[in-house]
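Q: Right, I'll just put the structure down here and ask away after.
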Amino acid sequence: MDAIYEPARQIPVIREADVCVLGGSCTGVFAAIRAARLGMKVLLIEKEGMLGGAAVGGLINIWHTLMDTENREQVIAGLTEEVISLLKARRALTVQNNRSSTYNFNPMELTILLDELIRENGVDLMLHTAYASAAAEGERVKAVIVENKDGRGAVKASFFIDATGDALVARDLGLPLYVHDYIQPPTPVFHLQGNLHGVDVDGLIRAHGAEFGLPDDWGWSTHVAGLEGISMRADQHIFGLRCDRADDLTRAEVEGRRLVRGLVSLLQAYGRSDTHYAISNLCSSLGIRETVHVRTRFRAEEFALLTGQRYDDPILNGTYPVDVHHPDDGGISFKYLDGTRTTIWGKGTRTETGNWREEAGLSGPPAAYYQVPFSILVGERYGNFAAAGRMVNADTGAYGALRVMVNLNQLGEAAGVAAALCLERGETMQTLDGHSVTSALRKGGSAL
Ligand SMILES: Cc1cc2nc3c(=O)[nH]c(=O)nc-3n(C[C@H](O)[C@H](O)[C@H](O)COP(=O)(O)OP(=O)(O)OC[C@H]3O[C@@H](n4cnc5c(N)ncnc54)[C@H](O)[C@@H]3O)c2cc1C
């Protein structure tokens, strides 16, 4: 490969912190707040101009239930619950009583609220600042290099949390990463203005999608809390492109926007004649479901998760089912804790159902929720580093369940708490006792 030589240069140290969090989705924000609440001086670095990650830039505005599957015990609390209450008070969140009793929020309100929480908790924030590389000395991460309008700068910290989604810091540190054979495909999301009453969008795509280059592919949509006449649309996938590769990601973004325009054209041609369909908001970043995973001491596995394996140092409780978007055939497969399993292809073109518990010969009551232990955050190297978010160490099925925000929010909180405890006690991630993390999480409001 042709190459040029970049001369070595001195990089000014622009910030110093106890804990530096890279990536400002709720995973990163919650990590930062938890560490700050335990007395740490925290710096949060985000490459975009807004906090919230995929929930904001990707317009993904659903959080799932905080209750167990029997709706008896609240199993998720902490910062997720705090944010839900605050959004509700601003009339920026509604509760939908469907199977997983989801919370539907206004992403623009979420990002404003996250700004406020960051400020109130004394977290130092750098927006429009991109992580570029990491510097380690022995088994410790010493600094990260970032780039922003001032140029290149170094940030020194005693602990680093990688919440970039794609495990960019872990990659540069040479930590072991892997990809699934079955990578869940991305989706472009947008807000559609226009009355859809009486319009069967799925039926229109089945009947006329080909005229607009829209395949018969599974998708979904919802409302946006507090907005009239606007729906959030996630109708199509983009297949065969890897979102952790620069050229593929560029192609995927452009193809995503073509699909969005195709759907609007279809509605303008075949939707209600009394309605003007228009794009009122377009995701600033494609909705990426999956890229790489970081190998850590514990790998979540589908069977243990769905059968509710318990741990004595849990950092996450969850109920969201295994939900795997197929990488190639426009289908989606769900497996619920109660045994139900469903696969749907296209816009409901074909469906297959069954019961995975009966098929596995399981009897007795199903689990009401699942857990993962602290060791899911512990790598084999670097005592002052943790990665939290969709790079979580999980097999395909377990990832299908863990990848939703109410779960990743908890991984963020646990990473922030672990960072603070490591620094307070002079421990490393590898020597830190998981029970102490669980108990500090509980003390800070988690329902573990
Ligand atoms: C279409 C779609 C629908 C979904 N539906 C739901 C749903 O209904 N409910 C649900 O809970 N989950 C849903 N998910 C899954 C969920 O949204 C994601 O798994 C989750 O948001 C990932 O969170 P994360 O923190 O790991 O990553 P991200 O949200 O991607 O956050 C990573 C952050 O790091 C920042 N970053 C990246 N690189 C750098 C850098 N170099 N320097 C600084 N910052 C950087 C990014 O800008 C971003 O803010 C959906 C996903 C998709 C794609």
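Q: Take peptides 181-192, 401-412 and line them up by average Cβ neighbours within 10 Å, highest first, as a rough protection proxy.
A: By packing density, highest mean first, the sequence is 401-412, 181-192.
Q: On to the next question. Could you work out the helix-only [θ] at 222 nm for the chain, with each DSSP H run of four or more residues adding -39,500 (n - 2.57) and the total divided by the number of residues, to the nearest 500 deg cm²/dmol?
A: Details: 11 runs with 123 residues, N = 448.
Computed ellipticity for the chain at 222 nm equals -8500 deg cm²/dmol.
Q: How compact is the range 298-359 by the rule of thumb for globular proteins, expressed as Cα Rg over 2.2 N^0.38 Å?
A: Ratio of Cα Rg to 2.2 N^0.38 Å: 1.30.
Q: Computed from the mean reciprocal separation of all distinct C-alpha pairs, what Kirkwood hydrodynamic radius does the chain have, in Å?
A: 22.6 Å
Q: Follow-up question, since we're still on this one. How large is log10 of I(q)/I(0) for the range 190-282 at q = 0.17, 0.20 Å⁻¹ when the intensity is taken from the Debye formula with one equal scatterer per alpha-carbon?
A: For the requested q values the scattering log ratios are -0.74, -0.98.
Q: Mind listing the phi-derived Karplus ³J(HN,Hα) values for the range 341-353, rounded to whole Hz, using 6.51, -1.76 and 1.60 with θ = phi - 60°, and x for any glycine or proline?
A: Coupling constants for the range 341-353: 9, 9, 10, 10, 10, x, 7, x, 5, 9, 9, 9, 10 Hz.
Q: Given Lys47/Lys156; Lys41/Lys156; Lys47/Lys149; Lys156/Lys443; Lys335/Lys443, which pairs have Cα atoms separated by over 22 Å?
A: Result: Lys156/Lys443; Lys335/Lys443 exceed 22 Å.
Q: Something else now. Within the range 336-375, report the trypsin sites (Lys or Arg not before Pro) that DSSP leaves as loop and that have at most 15 other Cβ atoms within 10 Å.
A: Sites meeting the loop and neighbour criteria: none at all.
Q: Can you give me the solvent accessible area of Asp433 with a 1.4 Å probe, rounded to the nearest 10 Å²?
A: Here the accessible area works out near 80 Å².
Q: Here is a follow-up. Would you mind telling me the share, in percent, of accessible area of the range 298-359 contributed by carbon and sulfur at probe 1.4 angstrom?
A: Answer for the range 298-359 is 45 percent, counting heavy atoms of protein chains only.
Q: How much length, in nm to one decimal, is gained on full extension between Lys149 and Leu127, taken as 0.36 nm per residue of separation minus their Cα-Cα distance? Don't skip to the answer; put the middle values down first.
A: Values: separation 22, 0.36 × 22 = 7.92 nm, distance 1.02 nm.
Gain on extension, Lys149 to Leu127, equals 6.9 nm.
Q: In debye to the nearest 20, how big a dipole does the chain give about its Cα centre with +1 on each Lys and Arg Cβ and -1 on each Asp and Glu Cβ? All intermediate terms of the calculation are to be shown ahead of the outcome.
A: Working: 43 positive and 55 negative charges, 116 e Å.
My answer is approximately 560 debye.
Q: Next question, about the same structure. In whole Hz and in residue order, list the ³J(HN,Hα) couplings for the range 389-402 that follow from phi through the Karplus curve 6.51 cos²θ - 1.76 cosθ + 1.60, θ = phi - 60°; x for Gly and Pro.
A: Once θ is set to phi - 60°, the couplings for the range 389-402 become x, 6, 7, 3, 7, 7, 6, 4, x, 4, 4, x, 8, 6 Hz.
Q: Could you name the aspartates and glutamates whose alpha carbon sits less than 14 Å from that of Lys347, not counting residues in the same chain fewer than 8 places away?
A: Asp200, Asp202, Asp216, Asp217, Asp235, Asp329
Q: To continue, here is another question. What does the highest-first list of 124-131, 195-202 look like by mean Cβ count within 10 Å?
A: Values: 124-131: 17.9, 195-202: 13.9.
Ranking, from highest mean packing down: 124-131, 195-202.
Q: Select from the chain the helices, each a whole stretch of DSSP H, whose alpha-carbon atoms run 24 Å or more along the helix axis and whose Kyte-Doolittle mean is at least 0.5; answer none if there are none.
A: For the chain, where a helix must reach 24 Å along its axis and average at least 0.5, the hits are 405-425.
The values are calculated or read from the model by the stated rules, or taken from the named source; none is laboratory data. Quantities reported herein were computed from a predicted structural model and do not represent experimental measurements. Neighbour counts are summed over all protein chains in view; Cβ atoms, including those assigned to glycine, are modelled from backbone coordinates with ideal geometry. Note: accessible area is taken over every heavy atom of the protein model, side chains too, but ligands, DNA and RNA are not part of it. Shrake-Rupley method; radii C 1.70, N 1.55, O 1.52, S 1.80 Å.
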